[in-house]
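J.: Quick one: the structure is below, questions incoming.
The values are calculated or read from the model by the stated rules, or taken from the named source; none is laboratory data. Being a predicted model, the structure only gives us computed values, none of them experimental. Heads up, the Cβs are rebuilt from the backbone with ideal geometry, glycines too, and the neighbour counts pull from every protein chain shown. The area values use the complete protein model at the heavy-atom level, side chains included, leaving out ligands, DNA and RNA. Shrake-Rupley method; radii C 1.70, N 1.55, O 1.52, S 1.80 Å.
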Amino acid sequence: MKKHNFSAGPCILPQEVLAKSAEAILNFDGLNLSLIEISHRSKEFIAVMDKAVSLVKELLNLPEGYSVLFLQGGASLEFLMTPYNIMKVGGKAGYLDTGAWSSKAIKEAKLLGDVEVFASSKDKTYNYIPKNYTVPKDVDYIHVTSNNTIYGTQIKDFPKTDAPLVADMSSDIFSRQLDFSKFDIIYAGAQKNMGPAGATLVVVKDEILGKTGRQIPAMLDYQSHIKNDSMFNTPAVFSVYVSMLTLQWLKDLGGIPAIEKINEEKAALLYAEIDRNPHFKGFAEKEDRSLMNVTFNLTNEADQEAFDKIWNAAGISGIKGHRSVGGYRASIYNAMPIESVQVLIDAMQQLEKQN
Ligand SMILES: *Cc1c(COP(=O)(O)O)cnc(C)c1O
């Protein structure tokens, strides 16, 4: 039996997408060739890339003037590529520090210019989203992490700024309705809500590029990838294909408004149990709780062995918390069925009954 997969990433994908991907590995599009052994410049693969790009634009409801790229190097390379492309020589950027991923982004940006960390929640192991900060004005851009995968917090109100707004949306892209046209760069590793590892989605507003006064190595230059429709070099063909199928699955479901409703329902069920069950307590501040990564701890550490036994027996996988937080983390991304969330809740209630 398939396990209930709560892994934080790589993570659960729709079962029908996995089945179609398996088929394409053996015989893609009736070609009697594998998807991963044909040219990325074949008309069949170009159609896949075009479809993936148009689905991103449609699902995010992007206006004209944005480019959609499928690159490699993960979100981690975007920590560097973003400043390379929009931090002016001798420039400065403002960063909101909401976790380990933000901190890594800050570290890379410092290689290229001044970084002002205008607010941080490090004082409480990042269990909340800072508020009431002053957004710096004299900056080339503002950078945020929309969802903090490790701690289970999510930004509800984004900083207001006239500078370009950059967001690492690796772990919540396509999960909730936002005005995506408020962002100038959005990036996300595929492996959390879109597809297998290997591709990185980058959405960039064209007009902010080409203004740094810096020479950019071709592979790090968004403009070389834009000019070549994400085929400056060989793209991650399998990851792009599976991402395209997942985006099509999402569109067929009713797009982001439909999935947001389901995601809210799943998260509400699970948080309600965490708050009700005396054996558990939530890690993140309630008002900042993530719809994607639900972090919680046992109230009594001595229950760990018993609880681990229960959820293992229930066929649950991947709920161990990140080593920096401990406890548990249930990642309930788009493809996670509500039935699996119920299985986890049942396991939590079983611990209560046993004690
Ligand atoms: C996983 C994750 C990353 C790192 O992604 P890679 O693709 O492994 O580089 C960056 N930011 C966030 C928010 C993440 O969840």
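J.: Quick check on this structure: which one of A52, A22 is closer than 30 Å to A100 by Cβ and open to solvent by less than 60 Å² (accessible area, probe 1.4 Å)?
T.: Unique residue meeting the criteria: A52.
The rows are residues; the columns are (1) of a type in the set (D, E); (2) surrounded by fewer than 24 Cβ atoms within 10 Å (Cβ to Cβ).
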| site | (1), (2) |
| --- | --- |
| F118 | no, yes |
| K137 | no, yes |
| L165 | no, yes |
| M169 | no, no |
| L178 | no, yes |
| D184 | yes, yes |
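J.: OK, next. In segment 10-19, how many residues are more than 14 Å from S243 (Cβ to Cβ) and crowded, with 18+ Cβ neighbours inside 10 Å?
T.: Number of matching residues: 1.
J.: Mind listing whichever residues of segment 156-208 are within 16 Å of the ligand (Cβ to nearest atom) and among the hydroxyl-bearing types (S, T, Y)?
T.: Matches in segment 156-208: S170, S171, S175, Y187, T200.
J.: Additional query: State the number of residues belonging to segment 33-74 that are part of a helix (DSSP H, G or I) and more than 18 Å from F180 (Cα to Cα).
T.: Here the count works out to 13.
J.: Here is a further query. So the check is Cβ under 8 Å with 6+ separation or different chains; which pairs have a first residue in segment 251-276 that's assigned to a helix (DSSP H, G or I) and a second one that's of a type in the set (S, T, Y) and at pLDDT 95 or above?
T.: I256/S175; I259/S175; E260/S175; N263/S175; A267/S290
J.: Let me ask something additional. Any residue that is away from the ligand (no atom under 16 Å from the Cβ), of a type in the set (S, T, N, Q), closer than 24 Å to F232 by Cβ and in contact with a strand residue (DSSP E or B) (Cβ under 7 Å, 6 or more places away or on another chain) - is there at least one of those in segment 44-62?
T.: No, because not a single residue in segment 44-62 is away from the ligand (no atom under 16 Å from the Cβ), of a type in the set (S, T, N, Q), closer than 24 Å to F232 by Cβ and in contact with a strand residue (DSSP E or B) (Cβ under 7 Å, 6 or more places away or on another chain).
J.: Take segment 128-154 and flag every residue that is within 16 Å of the ligand (Cβ to nearest atom), part of a loop (DSSP other than H, G, I, E, B) and out of contact with any helix residue (DSSP H, G or I) (no Cβ under 8 Å at 6 or more places or on another chain).
T.: S146, Y151, G152
J.: Assuming K211 fulfils every condition listed in (1) within 16 Å of the ligand (Cβ to nearest atom); (2) in a loop (DSSP other than H, G, I, E, B); (3) out of contact with any Phe, Trp or Tyr (no Cβ under 9 Å at 6 or more places or on another chain) apart from one, which condition is it?
T.: The single condition K211 does not satisfy is (1).
J.: With the requirement that a residue be open to solvent by 30 Å² or more (accessible area, probe 1.4 Å) and in contact with a helix residue (DSSP H, G or I) (Cβ under 9 Å, 6 or more places away or on another chain), what does segment 290-311 give you?
T.: Those that are open to solvent by 30 Å² or more (accessible area, probe 1.4 Å) and in contact with a helix residue (DSSP H, G or I) (Cβ under 9 Å, 6 or more places away or on another chain): L291, A306.
J.: List the pairs whose first member sits in segment 79-106 and is modelled with pLDDT of 95 or more, whose second member is within 9 Å of the ligand (Cβ to nearest atom) and part of a strand (DSSP E or B), and whose Cβ atoms are under 6 Å apart, counting only residues at least 6 apart or on separate chains?
T.: T98/T145; T98/N148; G99/N148; W101/T145; S102/T145
J.: While we're looking at this one, here's another question. Within segment 63-70, can one find any residue that is farther than 17 Å from N334 by Cα, within 16 Å of the ligand (Cβ to nearest atom), open to solvent by less than 30 Å² (accessible area, probe 1.4 Å) and not acidic (D, E)?
T.: yes
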